[in-house]
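Values quoted throughout were computed directly from the atomic coordinates according to the rules given, and no laboratory measurement underlies them. None of the values given here were measured: they were computed from a predicted structure. As a convention, Cβ positions derive from the backbone with ideal geometry for all residues, glycine included, and neighbour counts pool all protein chains shown.
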């Protein structure tokens with residue numbers, strides 16, 4: 001189980017988000033656990049999502065935790081490099 005220990009260490013090192021809602025100190029907290037190896041994300045021990053979607057969620061939660069931001073644009077999500085997305089492809093207009 002050394003792999004599980006490494007993943008847990010990565011979660012702790014990245015700072016699992018456990019913050020109440022903005023402005024509400026009585027709100028219950030939610031434990032978020034993220035596994036970088038496949039982007040798996042769990043809320044209070046229950047599986048939520050994995051892959052690119054999990055990485056995007058983890059990125060957004062990290063911005064919330066550090067900056068208390070709650071608004072994000074599609075553009076900034078697409079160009080962010082902290083969620084390991086492939087570079088956006090060039091789209092050609094349909095004929």
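Estimated at 0.36 nm per residue, the fully extended path between residue 52 and residue 68 surpasses their Cα-Cα distance by 3.5 nm.
Under the simplified labelling scheme, the residue 75-residue 31 pair shows an inter-label distance of 4.0 nm, with each label point 7 Å from Cα along Cα→Cβ.
Compare the peptides 48-61, 65-78 by average per-residue count of other Cβ atoms within 10 angstrom and give them in order, highest first. Could the numbers behind the result be given before it?
On the way: 48-61: 17.7, 65-78: 10.4.
Taking the mean over residues of other Cβ atoms within 10 Å, the ranking is 48-61, 65-78.
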